[in-house]
Amino acid sequence: MIDIDRIRADTPAARRLAYLHNAGAALMPAPVVEAMKQHIDLESEIGGYAAADRESGPLESVYGSVARLLNAAPDEIALTENATVAWQMAFYALQFRHGDRILTAEAEYAANYVAFLQVAKRTDATIEVVPSDASGELDIDALERMVDERVKLIAITWVPTNGGLVNPAAAVGRIARARGIPYLLDACQAVGQMAVDVEAIGCDMLSATGRKFLRGPRGTGFLYVRRAMLQQLEPPMIDHFAAPWISREAYRLRDDARRFETWENNYAARLGLGAAIDYALDIGIGPIEQRCRMLASRLRSSLASISGIRIRDLGRAPGAIVSFTMEGYGAETIVSSAAAAGITIGVSSPSSTRIDAEARSLPPVVRASPHYYNTEAEVDRLIEHLAGLTRR
């Protein structure tokens, strides 16, 4: 059982804000902030190199924390500046040529899709979007029909940024593994709010961020690369950490996933990421997921009762991102009005998931994303505020 009182005591801003913007950047708990502050203080006292040397044990343990979170091995983990860098290092390590096919989902994130476009422009590979089923999830039967020997990558976003949809990641993994197709999974909005087991999912590569539902600092991310896949990938960029310079004319790539890293890093942020993951694991991902779904369900059911509000979420079992529009009010106006009332929510633009937004004629949508440290009363505050707008 989650000790909400203790967790909220570790989250000072919760005393003054109903913070429901965890799909953007969650509030960091006190142990995460303290881990970062202590390392910055240490750097100021003895210098950055000496501080990293002194904290080499805790810094090394971050790999183990990520591995435990994902059910992976530490040598399959690379730590990066953010999720975009993690995803790009994996994607651009793959080789494409004329006639190759990249399969993705309708709700694919903009940062990923523009990378597909760039590679397609360079190589004449093609990008093909797997249609969604009646629920809005990626259609597994359609994916199976689209697979052939020219498909060189399946890359999808597990939980899209613009709503509650949870794509069937493990079902995609079974198809990819059976056909020997590399599978890259964007798990930015999944890690921290639901269980993530790379063995059960069957993905070859997975990227994620620290700042969202993991409650870590900005400027942190990580990449998982399945050990069997690792030796097939040469990073698009390397330095002497990723690939030691072994002779005048040669380098040797590292044998582990750290071949996707560089030598210089923000060690305070890395320690914050490790503290955030350990904090979540100590609570338990199962209880976290259960509470996130409960709060999101409460929010959706209450929104459905307000005249003029249209819930924009998809999927059979939506997660903790709740998206909606409100007749007569733009998304930015709603967000600003809520902020004035001490409630933090966000906006998702159509340009972030253009294919899905155009297919559904979506305007900018309001995005409310509760997390386990939120209370039912905070969800109700948002509902009461929105209901008040309709009475004006």
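The values are calculated or read from the model by the stated rules, or taken from the named source; none is laboratory data. Being a predicted model, the structure only gives us computed values, none of them experimental. Every residue, glycine as well, gets a Cβ built from its backbone with ideal geometry; the counts of neighbours run over all protein chains shown.
Restricting attention to region 239-262, the residues that are out of contact with any helix residue (DSSP H, G or I) (no Cβ under 7 Å at 6 or more places or on another chain) and either within 17 Å of Ala86 (Cβ to Cβ) or among the acidic types (Asp, Glu) (or both) add up to 9. Elements of the type helices (runs of 4 or more DSSP H) sitting completely within region 271-359 and holding at least 1 residues that are touching an Asp or Glu at 6+ places or on another chain (Cβ under 8 Å): these cover 285-303, 354-359. Total residues in region 169-191 satisfying the condition of being crowded, with 19+ Cβ neighbours inside 10 Å and closer than 27 Å to Ser323 by Cβ: the figure is 12. Within region 39-53, restricting attention to residues that are touching a residue at least 12 places away in the same chain (Cβ under 8 Å) and of a type outside the set (A, V, I, L, M), the residue that is surrounded by the fewest Cβ atoms within 10 Å (Cβ to Cβ) is Gly48. Being surrounded by fewer than 24 Cβ atoms within 10 Å (Cβ to Cβ) and under 30 Å from Pro29 (Cβ atoms) holds for only one residue in Met237, Met229, Met194, and it is Met194. At least 3 residues being of a type in the set (Gly, Ala, Ser) and farther than 12 Å from Tyr373 by Cα is the threshold, and among the helices (runs of 4 or more DSSP H) wholly inside region 1-79 those reaching it are 30-46, 48-54, 56-70.
Within region 262-278, can one find any residue that is of a type in the set (Val, Ile, Thr), within 24 Å of Gly210 (Cα to Cα) and either in contact with a Ser or Thr (Cβ under 8 Å, 6 or more places away or on another chain) or not assigned by TED's automatic domain parsing to the domain that holds Asp197 (or both)? Steps first, please.
At the first step, the residues of region 262-278 found to be of a type in the set (Val, Ile, Thr) are 262, 277.
Imposing the further condition that a residue be within 24 Å of Gly210 (Cα to Cα) reduces the set to 262, 277.
When the remaining residues are screened for being either in contact with a Ser or Thr (Cβ under 8 Å, 6 or more places away or on another chain) or not assigned by TED's automatic domain parsing to the domain that holds Asp197 (or both), the result is 277.
Yes, region 262-278 contains a residue that is of a type in the set (Val, Ile, Thr), within 24 Å of Gly210 (Cα to Cα) and either in contact with a Ser or Thr (Cβ under 8 Å, 6 or more places away or on another chain) or not assigned by TED's automatic domain parsing to the domain that holds Asp197 (or both).
Residues in region 92-117 that are farther than 23 Å from Ile238 by Cβ and part of a loop (DSSP other than H, G, I, E, B): His98, Gly99, Asp100, Glu106, Ala107, Glu108, Tyr109. When Glu378 is tested against the conditions (1) over 22 Å from the mean Cα position of the chain (by Cα); (2) surrounded by fewer than 18 Cβ atoms within 10 Å (Cβ to Cβ); (3) of a type outside the set (Val, Ile, Thr); (4) modelled with pLDDT of 95 or more, the lone failure is (2).
For region 245-285, the set of residues classified as free of Cβ contacts under 8 Å to residues at least 60 places away in the same chain and within 21 Å of Thr220 (Cβ to Cβ) consists of Arg254, Thr262, Trp263, Glu264, Asp282, listed by residue number. Within region 54-67, residues that are closer than 10 Å to Gly274 by Cα reach partners that are part of a helix (DSSP H, G or I) and basic (Lys, Arg) with beta carbons closer than 8 Å, at six or more positions or on different chains, in the pairs Leu59/Arg270; Val62/Arg270.
Applying the set (1) within 18 Å of the chain's Cα centre (by Cα); (2) in contact (Cβ under 8 Å) with a residue 60 or more places away in the chain; (3) farther than 26 Å from Ala276 by Cα to Tyr183 leaves exactly one unmet item: (2).
If you take the residues in region 354-364 that are aliphatic (A, V, I, L, M) and touching a helix residue (DSSP H, G or I) at 6+ places or on another chain (Cβ under 6 Å), which one is surrounded by the most Cβ atoms within 10 Å (Cβ to Cβ)?
Ala357
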